[in-house]
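Take a look at the structure set out below.
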Amino acid sequence: MNVTRFRAFARRRAFRRVVPGALLAGAWLALVPAAQGARAYVSNEDDGTVTVVDTQRLAALATVQVGKRPRGVTLSHDGTRLYVAVSGVPKCPPPMTDEDCARLPRDSQADGIAVIDAATLRPLTVLRGVSDPERVEVSRDDRTLYVSEEDSGRLAVLDVARASVRATVAVGREPEGVRASADGRWVLVTSEEENTLAVIDARKHTLVTRVKVGKRPRDIAITPDSRTAYVSGEADASVYRVALPSGAPVARLLELRSDARPMGVALDAGGGRLYVSTGRGGSVAVVAVPEGRLVTEIATGGPAAATRYTISYIYDCP
């Protein structure tokens with residue numbers, strides 16, 4: 001597997017404590033407890049597959065074909081469905097220019113959200129109507145998917161049962177991170193190119209506000225009371241705090257060391273800690289919140305070991 005990004009999820013009702021983690025090198029990972037033990041689901045962007053890993057035995061159980069360029073993954077709250085963002089837009093890594101990238105062939109028929117049965121690992125369907133999806137988030141009632149469309153600069157709202165796009169909302173160029181608040185009222189989306197965070201009304205599917213945050217914002221963590229968001233800024237080593245839903249005030253909570261590249265964030269609200277992966281910085285920064293004090297950094301590797309890190313969400317079973 002070629003893993004460049006890591007993210008993990010779990011069934012919310014079965015867990016008590018958040019533990020940070022990171023994995024080196026273009027995949028997302030979802031982790032959920034099963035009757036036989038915890039499983040991790042890793043998207044392999046270059047292979048068009050998702051690999052299922054038994055995290056107790058640290059062994060691969062299966063690899064499932066899902067489509068082209070699988071990136072973001074998320075698990076339904078009831079643990080029965082795995083959703084994978086797949087895209088027919090070719091990879092255009094640096095130093096390739098936008099003009100050169102635009103000349104590469106695109107397979108728009110490959111765009112969609114692949115749906116996998118989490119128990120049988122059988123591909124069920126592909127939800128169409130989205131364009132170059134990068135990240136996917138699921139609503140608390142499992143009825144709606146929120147998808148960042150990287151090429152169109154929109155958030156797509158997908159009705160799972162009807163397999164159709166219910167609405168789209170302009171959120172800024174190159175959207176990436178997508179998170180839904182715990183109360184189901186708000187969906188937040190980062191725009192990497194415009195350095196903004198968009199707040200969307202999840203009921204009306206309208207833009208509430210867009211606010212400036214750090215440079216190249218990547219990921220979002222939202223407090224359980226749905227009143228505060230924390231946003232990582234890769235290009236200026238920043239973490240911003242944003243009040244919800246108004247977007248004001250916005251404050252730079254912390255600036256990490258100059259070689260840090262903040263990407264994934266995970267919030268342990270009960271412990272008052274925000275975990276921030278630092279990309280090429282090779283660590284996970286532990287930040288006390290709400291004050292924004294750097295507690296420590298946990299070494300996870302270095303530039304020689306990996307190019308990027310994002311945070312994982314790993315929960316302890318009771």
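Here are the numbers for this structure:
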quantity: Whichever residue in the stretch 236-251 is hydroxyl-bearing (Ser, Thr, Tyr) and assigned to a strand (DSSP E or B) and, among such residues, is surrounded by the most Cβ atoms within 10 Å (Cβ to Cβ); calculated: Tyr240
quantity: Given (1) in a strand (DSSP E or B); (2) on the phi > 0 side of the Ramachandran plot, index of the condition Val284 fails; calculated: (2)
quantity: The stretch 78-115 - residue that is within 18 Å of Ser139 (Cβ to Cβ) and β-branched (Val, Ile, Thr) and, of those, modelled with the lowest pLDDT; calculated: Thr80
quantity: Number of positions in the stretch 106-126 that are of a type in the set (A, V, I, L, M, F, W, C), within 14 Å of Lys68 (Cα to Cα) and assigned to a strand (DSSP E or B); calculated: 4
quantity: Qualifying position, being within 15 Å of Val189 (Cβ to Cβ) and not acidic (Asp, Glu), among Val89, Val130; calculated: Val130
quantity: Residues of the stretch 232-266 that turn out to be over 17 Å from Glu176 (Cβ atoms) and touching a strand residue (DSSP E or B) at 6+ places or on another chain (Cβ under 8 Å), as a count; calculated: 17
quantity: Test result for Val52, crowded, with 17+ Cβ neighbours inside 10 Å and assigned to a strand (DSSP E or B); calculated: yes
quantity: Selection within the stretch 55-80 - outside any loop (DSSP other than H, G, I, E, B) and over 15 Å from the mean Cα position of the chain (by Cα); calculated: Ala59, Ala60, Leu61, Ala62, Thr63, Val64, Gln65
quantity: Residue within the stretch 221-235 that is outside any strand (DSSP E or B), crowded, with 22+ Cβ neighbours inside 10 Å, at pLDDT 95 or above and among the hydrophobic types (A, V, I, L, M, F, W, C) present; calculated: no
quantity: Subset of the stretch 87-105 [part of a loop (DSSP other than H, G, I, E, B), of a type outside the set (Lys, Arg), more than 22 Å from the chain's Cα centre (by Cα) and loosely packed, with under 12 Cβ neighbours inside 10 Å]; calculated: Pro95, Thr97, Leu104, Pro105
quantity: Subset of the stretch 259-313 that is among the basic types (Lys, Arg) and either within 18 Å of the chain's Cα centre (by Cα) or surrounded by 14 or more Cβ atoms within 10 Å (Cβ to Cβ) (or both) - its residue that is modelled with the lowest pLDDT; calculated: Arg308
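Yes or no, residue by residue, for (1) assigned to a strand (DSSP E or B); (2) surrounded by fewer than 23 Cβ atoms within 10 Å (Cβ to Cβ); (3) touching a strand residue (DSSP E or B) at 6+ places or on another chain (Cβ under 7 Å):
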site: Val130; (1), (2), (3): no, no, yes
site: Asp151; (1), (2), (3): no, yes, no
site: Ala167; (1), (2), (3): yes, yes, yes
site: Arg173; (1), (2), (3): no, yes, yes
site: Val187; (1), (2), (3): yes, no, yes
site: Thr190; (1), (2), (3): yes, no, yes
site: Ile200; (1), (2), (3): yes, no, yes
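The values are calculated or read from the model by the stated rules, or taken from the named source; none is laboratory data. What you see is a predicted model; the values in this text were computed from it and never measured. Neighbour counts run over all protein chains shown; Cβ positions are idealised from the backbone, glycine included.
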